[in-house]
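Participant: Below are the structure tokens for one structure; questions will follow.
The values are calculated or read from the model by the stated rules, or taken from the named source; none is laboratory data. If you're wondering where the values come from, they're calculated on a predicted model, not measured in any experiment. Don't worry about glycine lacking a Cβ; one is built from the backbone with ideal geometry, like all the others, and counts go over all protein chains shown. Remember, those area values only see protein heavy atoms, side chains included, never the ligands or the DNA or RNA. Shrake-Rupley method; radii C 1.70, N 1.55, O 1.52, S 1.80 Å.
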Amino acid sequence: MKKGLVLEGGAMRGLFTAGIIDVFMENDIIFDGAVGVSAGAAFGCNYKSDQPRRAVRYNTRFCRDKRYCSVRSLIKTGDMFGAEFCYHEIPEKLDLFDFETYRKSPMEFYAVCTDVNTGKPIYHRCDTMSDTELEWIRASASMPMAARIVNVDGYNMLDGGISDSIPLKFMEKSGYERNIVILTQPRDYTKGKNSLMPLLKVMYRKYPGLIKAMENRHLMYNNQLKYIRKAEQDGRAYVIAPDEKLPVKRVEHDPEVLLEVYRIGRRAGMKHLESVRKFLK
């Protein structure tokens, strides 16, 4: 029986997820594979490299650094989260990513991106976290209007959450029979229409497939929540979600706020730990 982990995105809400998976790592919860969307990919890859606390460490250390995330970076480079600083300088020099452990781990890790030409999801298996695969992670987390379109392996891509926000179906189709799903919104959350669609239609007018996906994202997301609830009732999935809306903005420069969201995640991880063990067995 293959055991999987599904990680929703949500920008800095992802530190809730980081808290949970750190508890899992520290308590030897093993998965055969994981799929991450946006922040779920950027933070979740630390599971395969076996580096608990790394995500919260570099986020709190650099959240006020203009090279990490700032309007200045957006104006100068087209990326609010600095591409070179976030996806190369930090993992390669400032807070080292354990590339060797990542490559040796048998765990499969997938990042979800959205093809801007079709509006469809692309699921990329990241086996080595090479420079090219770091770009796949960056593409998965490249939010519309806050990032440039990322070109990797011939694809032009943006945030995976546009086309597949919670990829439980993907994991099930890939042979994962028992899946832990970590959400970053409360269970009773319902996504509404994107109020920025008029601006998005102008900005991405060359990409009708992308526009259609963004217009329909709330429908896709809410249908996914229904599917996940059914999977949970059927015993195929175990869902962990925050009890209430997380006290953090999508872009957050206060390290104490980030730490609190991370602590909320750790408390949730501890609360669910034994139930997760039982479910996976």
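Participant: Which of the residues that make up segment 164-176 are among the hydroxyl-bearing types (Ser, Thr, Tyr) and open to solvent by 20 Å² or more (accessible area, probe 1.4 Å)?
Facilitator: Ser174
Participant: Can you confirm whether segment 179-199 contains a residue that is in contact (Cβ under 8 Å) with a residue 12 or more places away in the chain, more than 16 Å from Val37 (Cβ to Cβ), open to solvent by less than 70 Å² (accessible area, probe 1.4 Å) and in contact with a Gly (Cβ under 8 Å, 6 or more places away or on another chain)?
Facilitator: no
Participant: Tell me which residues, restricted to segment 32-65, are over 17 Å from Val181 (Cα atoms) and either of a type in the set (A, V, I, L, M) or without any contact (Cβ under 8 Å) to a residue 24 or more places away in the chain (or both).
Facilitator: Listed by number, the residues that qualify are Ala55, Val56, Asp65.
Participant: Which residue pairs have Cβ atoms under 8 Å apart, sit 6 or more places apart or on different chains, and have a first residue in segment 97-117 that is modelled with pLDDT of 95 or more and a second that is surrounded by fewer than 15 Cβ atoms within 10 Å (Cβ to Cβ) and assigned to a strand (DSSP E or B)?
Facilitator: Glu108/Arg125; Phe109/Arg125; Tyr110/Arg125
Participant: If I filter segment 188-202 for residues that are within 29 Å of Ser174 (Cβ to Cβ), part of a helix (DSSP H, G or I), under 20 Å from the mean Cα position of the chain (by Cα) and modelled with pLDDT of 95 or more, do I get at least one hit?
Facilitator: no
Participant: Looking only at segment 16-36, count how many residues are in a loop (DSSP other than H, G, I, E, B) and open to solvent by 40 Å² or more (accessible area, probe 1.4 Å).
Facilitator: Residues that pass the stated criteria total 4.
Participant: Can you tell me which residue is surrounded by the most Cβ atoms within 10 Å (Cβ to Cβ) among those in segment 230-269 that are basic (Lys, Arg) and out of contact with any strand residue (DSSP E or B) (no Cβ under 8 Å at 6 or more places or on another chain)?
Facilitator: Among residues in segment 230-269 that are basic (Lys, Arg) and out of contact with any strand residue (DSSP E or B) (no Cβ under 8 Å at 6 or more places or on another chain), the one surrounded by the most Cβ atoms within 10 Å (Cβ to Cβ) is Arg266.
Participant: Does segment 220-233 contain any residue that is farther than 21 Å from Ser140 by Cα and of a type in the set (A, V, I, L, M)?
Facilitator: Within segment 220-233, one or more residues are farther than 21 Å from Ser140 by Cα and of a type in the set (A, V, I, L, M).
Participant: Does Gly209 count as assigned to a loop (DSSP other than H, G, I, E, B), open to solvent by less than 70 Å² (accessible area, probe 1.4 Å) and either hydrophobic (A, V, I, L, M, F, W, C) or in contact with a strand residue (DSSP E or B) (Cβ under 9 Å, 6 or more places away or on another chain) (or both)?
Facilitator: No: the conditions fail for Gly209.
Participant: Among the residues of segment 139-158, how many are open to solvent by 30 Å² or more (accessible area, probe 1.4 Å) and not in a strand (DSSP E or B)?
Facilitator: Matching residues across segment 139-158 total 6.
Participant: Check every one of the helices (runs of 4 or more DSSP H) wholly within segment 37-137 and list those with 3 or more residues that are surrounded by 15 or more Cβ atoms within 10 Å (Cβ to Cβ).
Facilitator: 39-48, 54-62, 71-77
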